[in-house]
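A.B. asks: For reference, the structure I am asking about is given below.
The values are calculated or read from the model by the stated rules, or taken from the named source; none is laboratory data. All of these numbers come straight from a predicted model, not from anything done at the bench. Counting neighbours? That spans all protein chains shown, and the Cβs are built from the backbone with ideal geometry, glycine included.
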Amino acid sequence: MRVAVTGGGGFLGSHLCEALLRRGDAVVCLDDLSTGRPENIAHLRKYPAFQFIHADVSVVADVPGQLDAVAHLASPASPPDYLRMPLQTLAVGSRGTENALELARRTGARFLLASTSEVYGDPLVHPQEESYWGNVNPIGPRSVYDEAKRYAEAVSFAYHRTHGVDVGIVRIFNTYGPRMRPNDGRVVSSFIAQALGGEPLTIYGDGKQTRSFCYVSDLVRGLVAMLDSSETGPVNLGNPEEWTVSDLADLVLGITGSDSEVQYHPLPVDDPVRRRPDIGRAGAHLGWHPEVPVELGVRRTVEWFRGRTCDDVTGES
Ligand code: NAD
Ligand code: UDP
């Protein structure tokens, strides 16, 4: 296959590019490196089948030649990133998705949309099934991300119905692992960086809110399975292991052996209270299940943060 990966220079995108190259696919990575990093993909340049195009896909998403698939991952994903770049986030979720869909339409490629559990907002149904329509504040600060992704899902389905584009939507739940930026503000990377740096761990609110954390190698297997399928979705991809933020802080302190203290800060506006995926559909339709328990995944991530090399981290060891 020849696959275009928008956002391929980011955390998840770089792992996806690597997984595809390793199985023999050709990969064209489109990225403006706004939240991605050149070092995430530096080691991929050894593959002759890897190509990088520096592009803001909200403006243009053009790839010369034939394509079998377009995986659209471009978008800020960390709350501090999308709150810092609200208009860019709306642009890439809307115009960026339209441009990526046009690319798929022109080339007859399958289109994979990296949507998010944030389409469920602060969910009133628990765990979240794909049939749940969500509880999103359309004008709150998080709406620039949540509503952009909801629009991205809507326009993907419209392209499917109108132009017959072979779309597949995955809703990704909190995923962590090597290549997260230590200062990207997401909870796993923040706690690990703080613990290793001897700084206080910053818990927002009382720490009783929950998230369900998926290790990156599991998630990427799910993305590839969806790419290879003809499922339209949406399909939840995430690890249903649900943790409170406080318990996650304790886990990180235990694994790192850090004596950092815990500091409490105000809860961000509209921060969801609970989140856990129902992954029945992913199991039934893709044969996908996460395999890496949170303790093991956090241990691997801590090791990576200690050594911090961007090479060869998709490996399953
Ligand atoms: P990330 O910030 O590491 O990667 C996003 C990438 O997109 C970066 O390389 C960035 O430079 C690029 N990008 C942003 N805007 C762009 C634009 N206009 N043109 C070209 N490139 C652009 O984030 P991530 O965690 O790797 O997330 C990847 C995708 O997965 C995002 O679409 C995100 O919404 C989705 N997702 C991630 C998670 C998660 O837990 N990591 C959860 C749900 C959804
Ligand atoms: N969080 C926290 N301390 C931090 C970063 C995040 O307590 O330093 C909390 C945040 O308020 C949320 C949870 O951890 O309740 C997950 O936050 P993250 O930004 O990783 O993901 P999202 O909110 O998008 O699920």
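A.B. asks: Go through region 110-147 and give me each residue that's of a type in the set (A, V, I, L, M) and within 14 Å of ligand 1 (Cβ to nearest atom).
C.D. replies: Result: 112, 113, 114, 119, 144.
A.B. asks: Would you check if residue 233 is crowded, with 19+ Cβ neighbours inside 10 Å and assigned to a helix (DSSP H, G or I)?
C.D. replies: no
A.B. asks: Among the residues of region 192-203 satisfying the criterion of being buried (at least 17 other Cβ atoms within 10 Å of the Cβ) and near ligand 2 (Cβ under 10 Å from one of its atoms), which is nearest to residue 261 (Cα to Cα)?
C.D. replies: For region 192-203, the residue satisfying everything is 201.
A.B. asks: May I pose another question? Within the group 189, 156, which residue is within 16 Å of ligand 2 (Cβ to nearest atom), touching a strand residue (DSSP E or B) at 6+ places or on another chain (Cβ under 8 Å) and outside any loop (DSSP other than H, G, I, E, B)?
C.D. replies: 189
A.B. asks: To continue, here is another question. Being surrounded by fewer than 24 Cβ atoms within 10 Å (Cβ to Cβ) and among the hydroxyl-bearing types (Ser, Thr, Tyr) narrows it down to one residue among 82, 132, 145; which is it?
C.D. replies: 132
A.B. asks: Cβ-Cβ below 9 Å, separation at least six or inter-chain, first residue in region 196-210 and over 16 Å from residue 243 (Cβ atoms), second part of a loop (DSSP other than H, G, I, E, B) and within 16 Å of ligand 1 (Cβ to nearest atom): which pairs?
C.D. replies: 196/182; 197/182
A.B. asks: Something else now. Among the residues of region 77-91, count how many are within 8 Å of ligand 1 (Cβ to nearest atom), out of contact with any Pro (no Cβ under 8 Å at 6 or more places or on another chain) and either at pLDDT below 95 or assigned to a helix (DSSP H, G or I) (or both).
C.D. replies: Number of matching residues: 2.
A.B. asks: Could you tell me whether residue 39 is away from ligand 2 (no atom under 16 Å from the Cβ), buried (at least 16 other Cβ atoms within 10 Å of the Cβ), in contact (Cβ under 8 Å) with a residue 60 or more places away in the chain and among the acidic types (Asp, Glu)?
C.D. replies: Criteria not met by residue 39.
A.B. asks: List the residue pairs whose Cβ atoms are under 9 Å apart, where the first residue sits in region 84-100 and is acidic (Asp, Glu), the second is more than 9 Å from ligand 1 (Cβ to nearest atom), and the two are 6 or more positions apart or on different chains.
C.D. replies: 98/155; 98/159
A.B. asks: Search region 102-125 for residues that are farther than 13 Å from residue 137 by Cα and pair each with any residue that is polar (S, T, N, Q) and assigned to a helix (DSSP H, G or I) when their beta-carbon atoms are under 8 Å apart and the residues are at least 6 apart or on different chains.
C.D. replies: 111/156; 113/97; 113/156
A.B. asks: What tally of residues in region 155-188 results from selecting those that are of a type in the set (Gly, Ala, Ser) and either near ligand 1 (Cβ under 10 Å from one of its atoms) or surrounded by 22 or more Cβ atoms within 10 Å (Cβ to Cβ) (or both)?
C.D. replies: So the count comes out to 3.
A.B. asks: Only one of 20, 30 is within 13 Å of ligand 1 (Cβ to nearest atom), within 18 Å of the chain's Cα centre (by Cα), hydrophobic (A, V, I, L, M, F, W, C) and buried (at least 24 other Cβ atoms within 10 Å of the Cβ); which?
C.D. replies: Unique residue meeting the criteria: 30.
A.B. asks: Out of region 239-294, which residues are within 13 Å of ligand 2 (Cβ to nearest atom), assigned to a loop (DSSP other than H, G, I, E, B) and loosely packed, with under 13 Cβ neighbours inside 10 Å?
C.D. replies: Once the filter is applied, which keeps residues that are within 13 Å of ligand 2 (Cβ to nearest atom), assigned to a loop (DSSP other than H, G, I, E, B) and loosely packed, with under 13 Cβ neighbours inside 10 Å, region 239-294 yields 266, 269.
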